[in-house]
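Enquirer: Quick one: this structure, given as structure tokens, is what I'll be asking you about.
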Amino acid sequence: MTEPPARTWLHGARRTLARLPNLGTTLGMTRVPDAPARPLRDPWPGDPARGARLLRGELEHGGAILVLRPGAWNHAGAPPSLRAIVHGFTWLRDLRALGTDNARLRARALVGEWIVAGSVNADPVARRADVIGARITAWLGHHDFFAASADDAFRQKLMARLVVDARALSAMLPAEAQDARALTALKGLVAAAAALPDNPAFLTRAMRFLPPEIARQLLPDGVQAERSPAAQLQALQDLIEMRGLLQAAQVGPPASLAPAIERMAASLRLLRHGDGGLALFNGSREDFPPVIDLVLTQAGRAGRGAGILNESGFQRLQAGRTVLLVDCGAPPPPGLDRLAHAGTLALEMSVGRDRLIVNCGGFPVGTPEWRDASRATAAHSTLTIAEVNSSELRREGLGRRPEQVQAQRQEANGAHWLEASHDGWLKLFGAIHRRRLYLAESGEDLRGEDLIEAPTPQPFVLRFHLHPSVRARMQQDGETVLLRLPSGGGWRLKAEGARISLEESIYLGGTEPRRTEQVVLTGFADGPQQVKWAITKVG
């Protein structure tokens, strides 16, 4: 949405004034304190292994590695998402997790050099509202770790930069054209308000914009509006942190904050597999189950969902030890679709703690080619027509997309039936994709039917991506694939109405890319626009 010219000018002027380093002091508006007025603590655990890599000068995030050491700040060729991590300083928690003097000194050296390096601050990513918010929160949350024992000169430079960043962030709000990152921006201003109480305007602006931002970000079923389990987790963390920061500042939270946290936690629980990790929809990765457990514990009261997230469209079918998660929702709207995938009607299946059928996952810190490949329909366990994506992929979101995504569900005696459809190819091919699923009460029999309603036959491929821990073998009949889980359980995938094959795939849902396989069902030329398949337990 384009802003009115007057508002654009006003925001630009406000940001320019906020970045003038001495203006506030000259006018008596801003005094640079010697230290934060209140001790703040980052509530999330770091990864000692990543901290050890940082000591070696390597920043690892999402499967990508970037050189990060004093004197090596030129990352102009790196993806913006990776540069945002660099300038956001959330990696300080990994150095803190080491807890050594070397880790403390490395953190101090990197922060100190960042402050004085003008070339670093010239990166436009470093001046984004969400990145400033992450940086303010990280510096204040780790102040006791890297700054409390530093000399006066370092601490004065740090606090001066915090004041400048907080003023700039305050001027940027509301964060225009931001998705869940707007909550990270607000979190930074709340942190600044808690640590710098001599600047009451910070709290006033944060409290003004937080309630409408919660309303914009949260669907009625508790799912964050990007429809990504990863974005859901991050947004929930941001809200939990803001609640803690407001408590530290002895400020009453807005009335919408506690219910939002409760609803988000309840829906996040429905988007986990049996291993405790996240489902891989819309750019998500498994993430670390202990961190997710901690987030849900911090969220407080455990709400229970019914397995249906009506507004977001996610469906959770659970029977026996089997969990089936299906994306039956329309893609997020423009402005919230930056990382959205073309994975409508994709499914994932886990048995106990073993993942069986997956989507490929997201690679937001990869090259544009990798990001597009992971967002494509072919990277999801669903049907593709003529190798054309169900939603048109663009650099900053989606173009053409399904407009009507419908789902109906029934349950009886522990068994589940689900029928869903979408019209993502209607304008191109006049085609509707329908998917029907049945999960038996034992959880050991999943049956599906995928069909295309179109005036003329369409070439189609149906894919089932396998988790890398699954061992697959084509049977001699050429119509069956035997799947073996790490726990030793065997499953059989059979199909009729399509040619079955076993092909290479890649899994991006873990800490690094891994080779895996996919079962591919290819429709016959001019054959029926329908394929029936079954995944059943062996023995």
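Taken together, the values in this text are just the output of simple stated rules run on the coordinates, not laboratory data. In this text the structure is predicted, and so the values were computed from the model without any measurement. Note that we place each Cβ from the backbone using ideal geometry, even for glycine, and neighbour counts take in every protein chain shown.
Enquirer: Report the one residue of T137, I452, S487 whose Cα lies farthest in the direction of the positive end of the charge dipole of the chain (charges on C-beta: Lys and Arg +1, Asp and Glu -1; origin at the Cα centre).
Expert: T137
Enquirer: Relative contact order of the stretch 32-172: what whole-number percent is it, with Cα pairs under 8 angstrom and at least 6 residues apart?
Expert: 34 percent
Enquirer: From the phi angles alone, apply the Karplus equation (6.51, -1.76, 1.60; θ = phi - 60°) to the stretch 464-469 and give each ³J(HN,Hα) in whole Hz, x where the residue is Gly or Pro.
Expert: Per-residue couplings from phi come out as 10, 6, 9, 5, x, 7 Hz.
Enquirer: Shifting gears a bit: Take the Cβ-Cβ distance between W417 and N102 as r, set R0 to 56 Å, and report the resulting FRET efficiency rounded to the nearest 0.05.
Expert: 0.45
Enquirer: Treating cross-link reach as a plain straight distance, find the lysines whose alpha-carbon is under 20 Å from the alpha-carbon of K187, omitting any fewer than eight places away in the same chain.
Expert: none
Enquirer: For every other residue with a beta carbon closer than 12 angstrom to the beta carbon of G244, add +1 if it is Lys or Arg and -1 if Asp or Glu, then tell me the sum.
Expert: Here the count lands on +1.
Enquirer: Please state the charge dipole magnitude for the stretch 308-538, taken about the Cα centre, from unit charges on C-beta atoms (+1 on K and R, -1 on D and E), reported in debye and rounded to the nearest 20.
Expert: Its charge dipole is roughly 460 debye.
Enquirer: Based on alpha-carbon centroids, what's the gap between the stretch 459-507 and the stretch 239-318 in Å, whole number please?
Expert: 33 Å
Enquirer: Next up: What size of dipole, in debye to the nearest 20, comes out for the stretch 217-272 about its Cα centre when the only charges are +1 on Lys and Arg C-beta atoms and -1 on Asp and Glu C-beta atoms? If you can, show how the numbers build up before the last one.
Expert: Values: 5 positive and 5 negative charges, 30 e Å.
That gives the stretch 217-272 a dipole magnitude of about 140 debye.
Enquirer: For the stretch 46-98, what's the relative contact order in percent, using C-alpha pairs closer than 8 Å and at least 6 residues apart? Walk me through the numbers on the way to the answer.
Expert: Numbers: 50 pairs, mean separation 30.2, N = 53.
It comes to 57 percent, rounded to a whole number.
Enquirer: Report the one residue of L426, V251, A498 whose Cα lies farthest in the direction of the positive end of the charge dipole of the chain (charges on C-beta: Lys and Arg +1, Asp and Glu -1; origin at the Cα centre).
Expert: Farthest towards the positive end: V251.
Enquirer: Let me ask another. Taking the Cα atoms only, what angle lies between the long axis of helix 152-172 and the longest principal axis of the chain, rounded to 10 degrees?
Expert: Compared with the principal axis, the helix lies near 60 degrees.
Enquirer: Return a whole-number percent for the relative contact order of the stretch 178-274, with Cα pairs under 8 Å and 6 or more residues apart as the contact set.
Expert: Once normalised by length, the contact order is 34 percent.
Enquirer: Quick one: Karplus J couplings for the stretch 199-213, per residue in order, coefficients 6.51, -1.76, 1.60, θ = phi - 60°, nearest Hz, x for Gly and Pro?
Expert: 10, x, 5, 4, 5, 4, 6, 4, 6, 5, 9, 5, x, x, 6
Enquirer: To the nearest 20 Debye, how big is the dipole of the stretch 172-317 about its Cα centre, given +1 on the beta carbon of each Lys and Arg and -1 on that of each Asp and Glu?
Expert: 260 debye
Enquirer: Order 53-66, 506-519 from most to least packed using the mean count of other Cβ atoms within 10 Å.
Expert: Answer by packing, highest mean first, reads 506-519, 53-66.
Enquirer: May I ask you to evaluate 6.51 cos²θ - 1.76 cosθ + 1.60, the Karplus curve with θ = phi - 60°, for each residue of the stretch 523-536 and list the ³J(HN,Hα) values in order in whole Hz, giving x for glycine and proline?
Expert: x, 6, 4, 6, x, x, 8, 8, 9, 10, 8, 8, 10, 10
Enquirer: Return the lysines within reach of K427: Cα separation strictly under 28 angstrom, same-chain partners fewer than 8 residues apart disregarded; answer none if there are no such residues.
Expert: K532
Enquirer: Can you give the net charge of the other residues whose Cβ lies under 15 Å from the Cβ of M207, counting K and R as +1 and D and E as -1?
Expert: Spelling it out: positives minus negatives among the neighbours equals +3.
Enquirer: Rg(Cα) of the chain divided by 2.2 N^0.38 Å?
Expert: 1.03
Enquirer: Could you work out the helix-only [θ] at 222 nm for the chain, with each DSSP H run of four or more residues adding -39,500 (n - 2.57) and the total divided by the number of residues, to the nearest 500 deg cm²/dmol? Mind dumping the intermediate values first?
Expert: Values: 17 runs with 191 residues, N = 539.
Taken over the chain, the calculation gives -11000 deg cm²/dmol.
Enquirer: Have a look at T516, V388, P368 and report the one farthest towards the positive end of the charge dipole of the chain, computed about the Cα centre with Cβ charges (Lys/Arg +1, Asp/Glu -1).
Expert: Among T516, V388, P368, the one farthest towards the positive end of the dipole of the chain is P368.
Enquirer: Cross-link partners among lysines for K537, C-alpha distance below 26 Å, same-chain residues fewer than 8 apart left out?
Expert: Counting by Cα, and skipping residues close in sequence, K537 has these lysines nearby: K494.
Enquirer: Using mean Cβ contacts within 10 Å as the protection proxy, how do 415-423, 148-156, 255-263, 126-134 order, highest first?
Expert: So the peptides 415-423, 148-156, 255-263, 126-134, ranked by packing, come out 126-134, 415-423, 255-263, 148-156.
Enquirer: State whether the stretch 308-538 is rounded, prolate or oblate according to the following rule on the C-alpha gyration tensor (a ≥ b ≥ c being the square roots of its eigenvalues): a/c under 1.5 gives rounded; otherwise a/b larger than b/c gives prolate, and the remaining case gives oblate. Present the calculation step by step, with values, prior to reporting the outcome.
Expert: Values: a/c = 1.31, a/b = 1.22, b/c = 1.08.
Verdict is rounded for the stretch 308-538.
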